[in-house]
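In what follows, a single structure is set out as structure tokens and then discussed.
The values are calculated or read from the model by the stated rules, or taken from the named source; none is laboratory data. In this text the structure is predicted, and so the values were computed from the model without any measurement. Quick reminder, even Gly has a Cβ in these numbers, built from the backbone with ideal geometry, and neighbours come from all protein chains shown.
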Ligand code: SF4
Ligand code: SF4
């Protein structure tokens, strides 16, 4: 499904939001966390409407609220018109880029993105070993940039799990790239996104199936590439969907540990991947639900480049997400996205452990995971 809108669609959504009695205000994690009325979805859409109509001039200051959105789609769940403020605001960011009034934190972002992706691809090859990579084959694994950068142990765990379930033929996609380009979309750099998507698609289509461990990459591949005229031309699965196909081969522990599952918003609300991670986990653990979960999940703060444009707010959103678990005495939170795992892990209180799905499976079923050489974590994040 393409998420692109015609100019008439955008104008209609902006008008509906502008005159709306703020029916979705409770759902926005950015405005709720900051307590700022100017950041509720209706106010952000009204701001963009004024910019588009020329009522307010395009300045960095006036465009600032457009960046206070993770694209999490929670507002859409409560919208009778099925409006998409996240996607429309990202479109507004592209306009801000064209007018030279993008967020100051994104200065030089195109070059920073490219340099980081090349560095991670190079370091990933060194760390995971060339034998784990292939440029074509049956099943390609695409962990996503944040997993390669901050969750390399999850890649090692994924391979240990693949071997345990008889999927030892899976190989890392040898593309010289690690990101499917979602951050470029979120930065409003649509031309660069299209160019990058073409390169990624060229590498992915040499595999019959590609397995993705980044909810934003999955969203970009399934929802945005087509709209930019880029065909992936191969089956694209989330890691949770792929592992759910093999879950029956996992050994069931004598005693099932209790774990919470955090739904990544791009995985649950855009890709509709809600049951597969629960199918895998419920076989080897007792799954507990957050108060807000499934289609109603709350964002961890990692989307929409919020960690770059409003890092304190992004971290506060992650802490807010985990507060419920801490208040209940703590425990283990499992998620299924490298970015969510990183954001939640770095903001977790002492009583809460956060693990990504492959590591959770390895831990819960006693699959040994080999240690990796030298950490990548000292590298500077782009
Ligand atoms: S997304 Fe829907 S509910 Fe939210 S402000 Fe816009 S019209 Fe109102
Ligand atoms: S997409 Fe999420 S962050 Fe953006 S306005 Fe809607 S609820 Fe808020």
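Given the residues 158, 153, which is the only one that is surrounded by fewer than 20 Cβ atoms within 10 Å (Cβ to Cβ) and outside any loop (DSSP other than H, G, I, E, B)?
153
Return only the number of the condition from (1) within 15 Å of ligand 2 (Cβ to nearest atom); (2) assigned to a helix (DSSP H, G or I); (3) surrounded by 14 or more Cβ atoms within 10 Å (Cβ to Cβ) that residue 12 does not satisfy.
(1)
What residue, among those in the range 92-108 that are surrounded by fewer than 22 Cβ atoms within 10 Å (Cβ to Cβ) and under 24 Å from residue 178 (Cβ atoms), is farthest from ligand 2 (Cβ to nearest atom)? So that I can check it myself, show each step before the final result.
Quick first cut of the range 92-108, residues surrounded by fewer than 22 Cβ atoms within 10 Å (Cβ to Cβ) only: 94-95, 97-101, 104-105, 107-108.
So of that shortlist, the ones also under 24 Å from residue 178 (Cβ atoms) come out as 94, 97, 105, 107-108.
On the way: 94: 16, 97: 18, 105: 17, 107: 23, 108: 25 Å.
Per the criteria, the residue is 108.
Restricting the first residue to the range 63-86 and requiring it to be in the same structural domain as residue 49 (by TED's automatic domain parsing) and within 13 Å of ligand 1 (Cβ to nearest atom), which pairs with a second residue that is modelled with pLDDT under 95 and not in a helix (DSSP H, G or I) meet a Cβ separation below 8 Å and a spacing of at least six or different chains?
Hits for this filter: 84/3; 84/5.
Applying the selection to the range 272-292, what residues are part of a loop (DSSP other than H, G, I, E, B) and buried (at least 22 other Cβ atoms within 10 Å of the Cβ)? Show your work before the answer.
Applying the first criterion (part of a loop (DSSP other than H, G, I, E, B)) to the range 272-292 yields 272-274, 290-292.
Scanning the range 272-292 gives a single hit, 273.
Residue-by-condition table, conditions (1) touching a helix residue (DSSP H, G or I) at 6+ places or on another chain (Cβ under 6 Å); (2) closer than 22 Å to residue 212 by Cβ:
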residue	(1), (2)
233	no, yes
236	yes, yes
243	yes, yes
246	no, yes
271	yes, yes
275	no, yes
286	no, no
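Scan the range 47-91 for residues that are within 12 Å of ligand 2 (Cβ to nearest atom) and over 20 Å from the mean Cα position of the chain (by Cα) and jot them down. Write out each step before concluding.
Step one: filter the range 47-91 for residues within 12 Å of ligand 2 (Cβ to nearest atom), giving 47-48, 65-79, 83-90.
Once the filter is applied, which keeps residues that are within 12 Å of ligand 2 (Cβ to nearest atom) and over 20 Å from the mean Cα position of the chain (by Cα), the range 47-91 yields 47, 48, 65, 78, 79, 83.
Quick one: residue 63 ticks every box in (1) crowded, with 19+ Cβ neighbours inside 10 Å; (2) within 18 Å of residue 216 (Cβ to Cβ) bar one, so which box is it?
(2)
Here are some conditions: (1) surrounded by fewer than 24 Cβ atoms within 10 Å (Cβ to Cβ); (2) in a loop (DSSP other than H, G, I, E, B). Residue 299 meets all but one. Which one does it not meet?
It fails just one condition, (1).
Here's a check for you: in the range 24-38, which residue that is within 12 Å of ligand 2 (Cβ to nearest atom) and assigned to a loop (DSSP other than H, G, I, E, B) is nearest to the chain's Cα centre (by Cα)?
28
Can residue 151 be described as touching a helix residue (DSSP H, G or I) at 6+ places or on another chain (Cβ under 8 Å) and over 30 Å from residue 65 (Cβ atoms)? Let's see the steps before the verdict.
On the way: touching a helix residue (DSSP H, G or I) at 6+ places or on another chain (Cβ under 8 Å): yes; over 30 Å from residue 65 (Cβ atoms): yes.
In short, yes.
Restricting the search to the range 117-131, which residues are out of contact with any helix residue (DSSP H, G or I) (no Cβ under 7 Å at 6 or more places or on another chain) and assigned to a helix (DSSP H, G or I)?
Step one: of the range 117-131, the residues out of contact with any helix residue (DSSP H, G or I) (no Cβ under 7 Å at 6 or more places or on another chain) are 118-119, 121-123, 125-126, 129-131.
Answer for the range 117-131, where residues must be out of contact with any helix residue (DSSP H, G or I) (no Cβ under 7 Å at 6 or more places or on another chain) and assigned to a helix (DSSP H, G or I): 118, 119, 121, 122, 123, 125, 126, 130, 131.
For the range 167-179, state whether one or more residues are crowded, with 23+ Cβ neighbours inside 10 Å, touching a strand residue (DSSP E or B) at 6+ places or on another chain (Cβ under 7 Å) and not assigned by TED's automatic domain parsing to the domain that holds residue 265. Give the derivation first.
Keep residues of the range 167-179 that are crowded, with 23+ Cβ neighbours inside 10 Å, which gives 172-173, 178-179.
Add one more test, that the residue is touching a strand residue (DSSP E or B) at 6+ places or on another chain (Cβ under 7 Å), and what stays is 172-173.
Subset that is not assigned by TED's automatic domain parsing to the domain that holds residue 265: 172-173.
Looking through the range 167-179, at least one residue is crowded, with 23+ Cβ neighbours inside 10 Å, touching a strand residue (DSSP E or B) at 6+ places or on another chain (Cβ under 7 Å) and not assigned by TED's automatic domain parsing to the domain that holds residue 265.
Of the residues 14, 51, 39, only one is under 24 Å from residue 223 (Cβ atoms), at pLDDT 95 or above and outside the structural domain of residue 296 (by TED's automatic domain parsing); which? Even if it seems obvious, please write down each step before you answer.
Details: 51 fails: under 24 Å from residue 223 (Cβ atoms); 39 fails: under 24 Å from residue 223 (Cβ atoms).
Result: 14 is the single residue among 14, 51, 39 that is under 24 Å from residue 223 (Cβ atoms), at pLDDT 95 or above and outside the structural domain of residue 296 (by TED's automatic domain parsing).
In a strand (DSSP E or B) and surrounded by fewer than 18 Cβ atoms within 10 Å (Cβ to Cβ) - does that describe any residue in the range 221-232?
Keep residues of the range 221-232 that are in a strand (DSSP E or B), which gives none.
The answer is no, given that none of the residues of the range 221-232 is in a strand (DSSP E or B) and surrounded by fewer than 18 Cβ atoms within 10 Å (Cβ to Cβ).
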